[in-house]
Amino acid sequence: MKMPSLNTQILIGAILGLVFGLGMSTLAPDSATREISLYTSGLLGTLFIDLLKMVLIPLVFTSIVVGVANLQAHQQMHRVWMSTLGFFVFSMALSIGLALFASHIFRPGEGLHLAMFQNAMQGFEAKQMPLADFFAQFLHGIFVNPIAALAQGNVLAVVVFALILGISLIIGGERYRNILNLLKELLEITMQIVGWIMRLAPLGIMALLIKLVATQDVALLGSLGKFVAVVIGTLLMHGLVVLPLILYLITKVSPLKFWRGAREALVTAFATSSSSATLPVTLRCAEQHLHVKPAVAGFVIPLGATVNMDGTALYEAAAALFIANLVGIELNLMQQLIVFFTAMIAAIGAPGIPSAGMVTMVMVLQSVGLPAEAIAILLPVDRLLDTLRTAVNVEGDMVGSLLVNHWMKPKP
Ligand code: ASP
């Protein structure tokens, strides 16, 4: 008999987790069966989260160095760089703004207080700091000995060093080919390991859900439904209105014409939940259907597949606010700004593979002192939301390539 696909397995794991968890919540609180099952599922779930945390740094590092080094020197390099990065940052900022706005209006997760997080939340107050201190610390944390940054899991410093290393590899060209190849292989290996970890996802998700449902308020699921609706609504808003509007205003390419040209890549992204797997299709659409110059598409699309993720950025910001609501904490303006920036960094750092956003989410939560374990709550809906957010990620890359192509045209 053929094994069901990983997507199906994860769904089955989630359903079984819910059913067993509900079943267990009917057992007497101190029964041995309940104690043993809770201990086992707690252990399995934590191990799964540990595995995800284990690959975070190698993934961020190799995916950014290789993404940046994929650039080849060509004419107008400087302008292409600036306009590409400018658009990436701008569109991700818009999507995060949209997520924060929608979360404020609909407030998913509000009114629920999960006892489970009380321990993790105890240090919350201690992490607050004034704006000036925050910026001093932020700036101070950017340039760090890369070995220390890698060892300590300092994502921001790793991102910055990876960018610098990527640029120096481009400048060095052939001389450093071996190092670049080594890093490419490391990236492949790390992605392979993530693939293995994801195979454990059905079990890990089941275990986490059993523990969650058996020890938690079932009203959580109603609240999760609202979160899912907010994320989907905001993703559609960004993908169907914001991005096409920017494209139309600047290049006069109509949304219908764009979608017709981009359709193959959007559908592939939706089905694979991976910007990287979709990359060959995205490039084909940009060059052949949307008539972007190969030099521009060859630069913007691969870079975008690694660093430009509007959907992921939107999701990470919405998730952080959702979890804050869930644990009953009102994030102040400063903390929301931190979420804004870390969501962008987390989206940039997330490689284009399924559920990568979930791995880098840990950083966003920790930046405002929210418990990293809370991603357990999002796991059951992550794969579902990954489809749409990956499609929006890929759409952003194609819109970016069209814009850069437009700006690079010789002016009459
Ligand atoms: N799956 C997404 C992508 O490949 C990344 C994410 O998990 O958000 O673009």
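Please treat every number below as a calculation from the coordinates, not as lab data. Since the model is a prediction, treat every value here as computed from it, not as a measurement. Note that we place each Cβ from the backbone using ideal geometry, even for glycine, and neighbour counts take in every protein chain shown.
Per-structure values
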{"quantity": "Inter-label distance for residue 267 and residue 89, nm, one decimal - labels placed 7 Å from Cα along Cα-to-Cβ", "calculated": "3.7 nm"}
{"quantity": "Protection-proxy order for peptides 237-248, 15-26, each taking the mean of Cβ atoms within 10 Å per residue, highest first", "calculated": "237-248, 15-26"}
{"quantity": "Listed peptides 360-368, 334-342, 256-264 by packing density, highest first (mean Cβ within 10 Å)", "calculated": "360-368, 334-342, 256-264"}
{"quantity": "Where labels lie 7 Å past Cα in the beta-carbon direction, separation of residue 193 and residue 151 in nm", "calculated": "1.7 nm"}
{"quantity": "Around residue 373: net Lys/Arg minus Asp/Glu count, Cβ-Cβ under 12 Å", "calculated": "+1"}
{"quantity": "Difference of contour (0.36 nm per residue) and Cα-Cα distance, residue 81 to residue 163", "calculated": "28.2 nm"}
{"quantity": "Separation in nanometres of the label points that stand 7 Å from Cα toward Cβ, at residue 35 and residue 16", "calculated": "2.6 nm"}
{"quantity": "Cα gyration tensor of the stretch 269-387 - equivalent ellipsoid semi-axes, whole Å, descending", "calculated": "31, 15, 10"}
{"quantity": "FRET efficiency for residue 232 and residue 28, using Cβ-Cβ distance with R0 set to 56 Å, rounded to 0.05", "calculated": "0.90"}
{"quantity": "Surface/4 estimate of mean projected area, convex hull on alpha-carbon atoms of the stretch 331-375, nm²", "calculated": "2.9 nm²"}
{"quantity": "Residue 104/residue 47 FRET efficiency (R0 35 Å; Cβ-Cβ; nearest 0.05)", "calculated": "0.45"}
{"quantity": "Stretch gain in nm, segment residue 334-residue 171, where the contour uses 0.36 nm per residue and the Cα spacing is subtracted", "calculated": "54.8 nm"}
{"quantity": "Shape parameters for the stretch 262-308, alpha-carbon atoms, Rg then Dmax in Å", "calculated": "9.8, 28"}
{"quantity": "From phi via Karplus (6.51, -1.76, 1.60), per-residue ³J(HN,Hα) for the stretch 314-323 in Hz, x at Gly/Pro", "calculated": "4, 5, 5, 5, 4, 5, 4, 5, 4, 5"}
